[in-house]
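As structure tokens, the structure follows; a few thoughts come after it.
The values are calculated or read from the model by the stated rules, or taken from the named source; none is laboratory data. As the structure is a computational prediction, the values presented were derived from the model and not from experiment. For neighbour counting, all protein chains shown are included, and Cβ atoms are generated from backbone atoms with ideal geometry for every residue, glycine included.
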């Protein structure tokens, strides 16, 4: 089953074009990235960004659940007969 999923994903990723930046990166000297990471820690920034995106997604999902539950509750209350 895992091999089937692996083959399927490889076929899907094979449909995507190659990176448009590869031709520009070949002629570039990339040794400065090691030194740039001392002043601008890309790995830490990426991890913090991913945590922020996850928090935003959680908040959005909770807002949708709250709206759904309130709509259901108000629908149930509206269907009840009035006591007077």
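Could you figure out which of (1) assigned to a helix (DSSP H, G or I); (2) exposed (fewer than 10 other Cβ atoms within 10 Å of the Cβ); (3) over 27 Å from the mean Cα position of the chain (by Cα) isn't true of residue 29?
All conditions are met except number (1).
Could you count how many residues in the stretch 65-83 are in a helix (DSSP H, G or I) and exposed (fewer than 10 other Cβ atoms within 10 Å of the Cβ)?
Within the stretch 65-83, residues that are in a helix (DSSP H, G or I) and exposed (fewer than 10 other Cβ atoms within 10 Å of the Cβ) number 5.
Can you tell which of 36, 4 is surrounded by 10 or more Cβ atoms within 10 Å (Cβ to Cβ) and either assigned to a helix (DSSP H, G or I) or without any contact (Cβ under 8 Å) to a residue 60 or more places away in the chain (or both)?
Unique residue meeting the criteria: 36.
Quick check on this structure: which one of 14, 75 is at pLDDT 80 or above and under 24 Å from the mean Cα position of the chain (by Cα)? Steps first, answer last, please.
Details: 75 fails: under 24 Å from the mean Cα position of the chain (by Cα).
It is 14.
Please work out which one of (1) loosely packed, with under 10 Cβ neighbours inside 10 Å; (2) assigned to a helix (DSSP H, G or I); (3) under 22 Å from the mean Cα position of the chain (by Cα) is the condition residue 46 fails and give its number.
Here residue 46 meets the rest and fails (1).
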